[in-house]
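The numbers here are math on the coordinates, done by the rules we state, and not lab data. Here the structure is a predicted model, which is why all the values come from computation and not from measurement. All Cβ positions, glycine included, derive from the backbone under ideal geometry; neighbour counts span all protein chains shown.
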Amino acid sequence: MKIEDPRTPQGAPLAETQADVVRRDRDHRIQSRQDDGVRLSGEARLAQEATRQLSAAGVGEVRPDAVARGRALLESGQLGADTEILADAMLEALID
């Protein structure tokens with residue numbers, strides 16, 4: 001005489017086979033790849049494009065002599081005292 005487990009629906013498989021596990025994992029990985037992605041905001045795309053163009057133009061390279069000169073000016077108080085003049089000079093340097 002066979003006794004059925006009342007918690008298991010009639011005809012339901014009792015155990016998942018190894019092939020079922022492999023198939024389920026493969027399907028999950030495929031779905032995950034389809035869902036993965038990165039979407040940049042308009043601001044991020046603009047910043048990325050600006051960075052690309054500055055790199056192509058050679059702007060953005062570190063010049064040790066200019067860094068040393070800037071540090072000396074900062075320490076003496078001659079640089080950064082007027083933020084508007086500093087901002088204008090930075091923009092002019094990027095434009096030229």
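Taken one residue at a time, the phi angles of the stretch 41-49 give Karplus couplings (6.51, -1.76, 1.60, θ = phi - 60°) of 5, x, 5, 5, 5, 5, 5, 5, 5 Hz. Gly and Pro are set to x. Extending 7 Å from the Cα toward the beta-carbon at both ALA57 and SER41 defines two label points whose distance is 2.5 nm.
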